[in-house]
Structure formats: C-alpha cells, structure tokens
Amino acid sequence: MMPLLILFIVQLMVACAVIFILKRVLDRELEKSAIEKLASFKFSGKVDKIMIYYASALSLRTKEQITSLIKQRFTCGEIVFEQLRTLKGGLMIKIADEVFDFSLSSRLESFWS
C-alpha cells in the first residue's frame with residue numbers, strides 16, 4: 001500500500017511541475033504575440049492613454065520593450081501598466097477604442113464556448 005501512495009504522490013508532483021512549466025511557456029508566447037500585434041498595428045493620431053493589462057508580473061525587459069515600442073509608434077500621453085489576475089496569463093492592450101486580447105482567460109473561454 002505504501003509504495004502505491006509514494007508513486008501517486010510522485011506522479012502528482014510531476015504533473016504539477018509540467019502544468020506550471022507549460023503555463024509559463026504559454027504566458028511568454030501570448031506576451032510575444034501581443035507585442036508583435038502592437039508592432040504591426042497601424043494607428044494615426046494622438047492617444048491619451050495606452051493601457052497594458054497583465055496577469056503575472058512582467059519582467060523589466062518586457063516592460064521596457066513595450067514602452068519603447070509604444071514611444072516609437074504612437075503619440076501617447078500616458079502608458080499605464082496594470083495587473084489583472086483574472087487574465088490568468090498573457091497581455092491585454094487597450095489603445096483608444098481598440099483592444100488586443102492576448103490573455104489566457106480569453107483563450108480558454110473561446111475554447112470552451
């Protein structure tokens with residue numbers, strides 16, 4: 001009985017590790033996709049505020065990359081980074097009336113509907 005319990009616990013730990021790693025990889029890929037979309041977005045005119053929503057802490061490198069890209073491409077008054085845990089991963093970018101949703105929660109929602 002004891003070896004089966006140990007085997008079950010080991011399998012559970014391995015499964016948790018795999019899920020954690022896959023979520024991190026998916027989170028990074030969604031961030032990259034959002035940044036690529038931002039780089040290719042055509043917008044003329046001034047924007048008062050650009051909102052960047054994220055689920056888990058963004059690296060300093062990612063924040064700097066997004067900020068420099070926005071400053072190169074847009075005439076923008078303010079860039080606001082805000083954490084929304086409901087996104088579960090990835091990014092959501094709001095420029096004027098345009099919303100680019102590269103969040104894990106929206107991907108899961110569209111998968112299940």
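State yes or no: is L91 touching a strand residue (DSSP E or B) at 6+ places or on another chain (Cβ under 6 Å) and in contact (Cβ under 8 Å) with a residue 12 or more places away in the chain? Explain how you work it out, then say what you get.
Numbers: touching a strand residue (DSSP E or B) at 6+ places or on another chain (Cβ under 6 Å): yes; in contact (Cβ under 8 Å) with a residue 12 or more places away in the chain: yes.
In short, yes.
Could you list all residues from the range 19-58 that are assigned to a helix (DSSP H, G or I), among the β-branched types (V, I, T) and under 11 Å from L91 (Cβ atoms)? Please lay out each step first, then the result.
To start, the set of residues in the range 19-58 that are assigned to a helix (DSSP H, G or I) comprises 19-40.
After this cut, where a residue has to be among the β-branched types (V, I, T) as well, the list is 19, 21, 25, 35.
The one that is assigned to a helix (DSSP H, G or I), among the β-branched types (V, I, T) and under 11 Å from L91 (Cβ atoms): I35.
Right, S68: closer than 19 Å to T86 by Cα, free of Cβ contacts under 8 Å to residues at least 60 places away in the same chain and of a type in the set (S, T, N, Q) or not?
Numbers: closer than 19 Å to T86 by Cα: no; free of Cβ contacts under 8 Å to residues at least 60 places away in the same chain: yes; of a type in the set (S, T, N, Q): yes.
The answer is no for S68.
Considering only residues that are loosely packed, with under 12 Cβ neighbours inside 10 Å, at pLDDT 85 or above and of a type in the set (K, R), which ones fall in the range 33-52?
none
Which numbered condition in (1) out of contact with any Cys (no Cβ under 6 Å at 6 or more places or on another chain); (2) in contact (Cβ under 8 Å) with a residue 12 or more places away in the chain is the only one that I19 fails?
(2)
Which of the following residues is touching a Cys at 6+ places or on another chain (Cβ under 9 Å) and more than 21 Å from K23 (Cβ to Cβ): V99, V47, V80? If you could, list the steps in order and put the result at the bottom.
Values: V99 fails: touching a Cys at 6+ places or on another chain (Cβ under 9 Å); V80 fails: touching a Cys at 6+ places or on another chain (Cβ under 9 Å).
Unique residue meeting the criteria: V47.
The values are calculated or read from the model by the stated rules, or taken from the named source; none is laboratory data. In this text, all values refer to a predicted model and were calculated from it rather than measured experimentally. We place every Cβ from the backbone using ideal geometry, glycine too, and count neighbours over all the protein chains shown.
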